[in-house]
Amino acid sequence: MTLRLIRGFRTISDDAAHALSGITPIDLDKKGKYLASEEHTQLEIREWIRGVWQTRWKESQRGRWTYKLIPELTEWADCEHKTVDYHMTQFLTDHGCFRGYLFRFRHVNTAQCLYCTDAVETAKHILLHCSRFVEERAQLVALAGSPLSPRGRVAAMMAENPKPKIAWDGAHVIIVTMMKRVRKDELANRSQSEL
Ligand SMILES: [Zn+2]
């Protein structure tokens, strides 16, 4: 996963992009190099960076959906079986084909979900409430073995036991299917309104 992939959507905040990519923010990286020259050990420096970075992530005003999913940077960074592609980036950042996002950036004239009354279409809505995805939601609950929550969903994907890769890949496939459907519906709606 690279910063460039995460930055596929230029509107994604620096804080969320660094959290997802695991690439140390440049100022902390520089400070780390300075501390190394002051004869601190690599372990001390790494722990210092992680501590400051974690506090910054917790207190940031930006990337709050991503924070809800991934509050602990170390846990995310240490999860070796995760894979994040274009569709997962959209889901993890709430930046993408969601009408809530498109409305925010003036690409559509309402944030309302095409399928649900009085609901803004966001990643959270897609995951927890949208009437379009009853089946997918049931599959995600079955995979996690517990009720759905944003934090719980990603935590289940990151879990080490019993079969980490299967937990991640299973949920990944379902989330990609949902994201593709959101995009397809949005494009269909757009071409219909242009007729
Ligand atoms: Zn909906």
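The values are calculated or read from the model by the stated rules, or taken from the named source; none is laboratory data. Just so it is clear, the structure is predicted and the values come from calculations on it, not from any experiment. Backbone-built Cβ (ideal geometry, glycine too); neighbour counts: all protein chains shown.
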Working only within segment 110-127, note down all residues that are without any contact (Cβ under 8 Å) to a residue 24 or more places away in the chain, under 25 Å from L20 (Cβ atoms) and more than 10 Å from the ligand (Cβ to nearest atom). A111
Against the definition (more than 20 Å from K165 (Cα to Cα), at pLDDT 90 or above and more than 13 Å from the ligand (Cβ to nearest atom)), how does Y101 come out, yes or no? yes
Considering segment 48-71 alone, what residues qualify as being surrounded by fewer than 15 Cβ atoms within 10 Å (Cβ to Cβ) and either of a type outside the set (V, I, T) or touching a residue at least 40 places away in the same chain (Cβ under 8 Å) (or both)? G51, K58, E59, Q61, R62, R64
Restricting segment 128-155 to residues that are charged (D, E, K, R) and surrounded by 15 or more Cβ atoms within 10 Å (Cβ to Cβ), which is farthest from the ligand (Cβ to nearest atom)? R153
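Against the condition over 13 Å from the mean Cα position of the chain (by Cα), at pLDDT 90 or above and on the phi < 0 side of the Ramachandran plot, how does E160 come out, does it pass?
No: the conditions fail for E160.
Tell me the residue from H107, H95 that is within 14 Å of the chain's Cα centre (by Cα), more than 16 Å from the ligand (Cβ to nearest atom) and not in a helix (DSSP H, G or I), please.
Criteria check complete, one pass: H95.
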Between residues in segment 179-192 that are in the same structural domain as L128 (by TED's automatic domain parsing) and farther than 13 Å from F98 by Cβ and residues that are acidic (D, E) and loosely packed, with under 15 Cβ neighbours inside 10 Å, which pairs lie under 8 Å by C-beta distance while being six or more apart or on different chains? none
Please determine whether any residue of segment 115-134 is assigned to a loop (DSSP other than H, G, I, E, B), at pLDDT 95 or above and touching a strand residue (DSSP E or B) at 6+ places or on another chain (Cβ under 6 Å). no
